[in-house]
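Enquirer: First the structure, then my questions, so here it is.
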Amino acid sequence: MRTLFSIAVIVTVLATALLTVDGWYPLVAGAPSRPVPTATARALLDRAATHALAGRIDELCAMGDSARSCQQSVADLGARRGIPRQPPRVLATEIILPNTDNGGGTVLVVGGRRRDGTRYRTDFFVHDAGVYGFKPADPVWWSGDRVASPTGSRAIPKGAVGRPSPSAPAPRRSERRG
């Protein structure tokens with residue numbers, strides 16, 4: 001019985017350490033979510049673009065929720081070969097209200113071309129990470145990843161651009177929202 005209790009304590013301590021190191025602890029712990037100002041989301045996007053364009057992938061990945069996941073995203077996109085030459089263009093700004101999938105945050109829909117010429121359109125999602133402040137979930141802004149959110153949980157902030165401009169890259173069929 002004492003051995004079982006010791007194992008349970010060790011597993012709990014290790015799980016807490018892993019969640020804390022990987023940046024997920026505030027989300028698991030139910031930290032209160034604060035609204036993310038659009039200016040803060042844009043500043044984080046600018047910082048992510050600066051790191052990526054300078055080839056500072058470790059610094060880029062340190063910005064997000066999981067450095068390992070970010071580094072895998074960069075590797076999956078062809079390492080540094082896939083990093084765009086230009087910073088992303090913000091095509092739209094949306095607010096995701098707290099919902100069953102996440103605590104909410106601000107989405108900057110960004111677009112452009114990767115280094116190999118392929119177009120991307122990505123939801124750069126910034127949320128309140130509790131004691132870690134505001135963070136992008138995944139700072140790889142050229143990944144093409146979109147944020148799934150329950151119907152009715154997205155809103156357009158007053159005065160923000162709600163739809164991509166006609167000059168924005170056309171979304172691939174798989175990227176269109178229905």
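The values are calculated or read from the model by the stated rules, or taken from the named source; none is laboratory data. Just so we're clear, the structure is a prediction, and the values are computed from it rather than from any experiment. Neighbour counts run over all protein chains shown; Cβ positions are idealised from the backbone, glycine included.
Enquirer: Filter the range 98-115 down to residues that are over 19 Å from residue 52 (Cα atoms) and part of a loop (DSSP other than H, G, I, E, B), then give me how many there are.
Expert: 7
Enquirer: Let me ask something else about it. Take residues that are modelled with pLDDT of 95 or more and small (Gly, Ala, Ser) and tell me which of the helices (runs of 4 or more DSSP H) falling wholly in the range 1-71 contain 2 or more.
Expert: Ranges flagged: 38-53.
Enquirer: So how many residues does the range 122-150 have that are in a loop (DSSP other than H, G, I, E, B), surrounded by fewer than 22 Cβ atoms within 10 Å (Cβ to Cβ) and hydrophobic (A, V, I, L, M, F, W, C)?
Expert: Total meeting the criteria: 2.
Enquirer: Would you check which residues across the range 62-102 are more than 20 Å from residue 119 (Cβ to Cβ), surrounded by fewer than 18 Cβ atoms within 10 Å (Cβ to Cβ) and touching a Gly at 6+ places or on another chain (Cβ under 8 Å) and list them?
Expert: Answer for the range 62-102, where residues must be more than 20 Å from residue 119 (Cβ to Cβ), surrounded by fewer than 18 Cβ atoms within 10 Å (Cβ to Cβ) and touching a Gly at 6+ places or on another chain (Cβ under 8 Å): 66, 97, 98.
Enquirer: Also, quick follow-up: Just to be sure I understand, how many residues within the range 52-61 are farther than 11 Å from residue 136 by Cβ and surrounded by 13 or more Cβ atoms within 10 Å (Cβ to Cβ)?
Expert: Going through the range 52-61 one residue at a time, the tally reaches 4.
Enquirer: Here is a further query. Looking at (1) charged (D, E, K, R); (2) surrounded by fewer than 19 Cβ atoms within 10 Å (Cβ to Cβ); (3) out of contact with any Pro (no Cβ under 6 Å at 6 or more places or on another chain), which is the only condition residue 119 fails?
Expert: It is condition (3) that residue 119 fails.
Enquirer: A follow-up question, please. For a quick check of your reading of the model, give me the residue pairs whose first member lies in the range 127-139 and is without any contact (Cβ under 8 Å) to a residue 24 or more places away in the chain, whose second is of a type in the set (A, V, I, L, M, F, W, C) and surrounded by 21 or more Cβ atoms within 10 Å (Cβ to Cβ), with beta-carbon atoms closer than 8 Å and at least 6 apart or on different chains.
Expert: none
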